[in-house]
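Student: Dropping a structure here in structure tokens format, bear with me for questions.
The values are calculated or read from the model by the stated rules, or taken from the named source; none is laboratory data. Here the structure is a predicted model, which means the values were calculated and not measured. Neighbour counts are summed over all protein chains in view; Cβ atoms, including those assigned to glycine, are modelled from backbone coordinates with ideal geometry.
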Amino acid sequence: MPIIVRLDVQLSLNKMKSKDLANRIGITEQNLSLLKSGKVKGVRFETLEKICAALNCQPGDILEYFAGEDNNGKI
């Protein structure tokens, strides 16, 4: 998958558990787990904003683009 989710890094830096983040931003632990594993097709800007506010970070700290074989450089 060309988009890598680095949520675990930010959780660790903030010494926060997934359960606490899920409660703070108003989503289920299951949905947060799916996001962390990259098994979602998208994330709402509202959710991304809440994650960034809770973890005091930028979207680029959580999401990373990796040009790999999956997309052959095509958009």
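Student: In region 10-75, which helices (runs of 4 or more DSSP H) lie fully inside it and hold 1 or more residues that are modelled with pLDDT under 95?
Tutor: 29-37
Student: Here are some conditions: (1) surrounded by 14 or more Cβ atoms within 10 Å (Cβ to Cβ); (2) in contact (Cβ under 8 Å) with a residue 60 or more places away in the chain. Ile4 meets all but one. Which one does it not meet?
Tutor: Looking at each condition in turn, Ile4 falls short on (1).
Student: Can I ask one more? Of the conditions (1) surrounded by 14 or more Cβ atoms within 10 Å (Cβ to Cβ); (2) within 27 Å of Gly68 (Cα to Cα), Met16 satisfies every one except a single condition; which number is it?
Tutor: Every listed condition holds for Met16 apart from (2).
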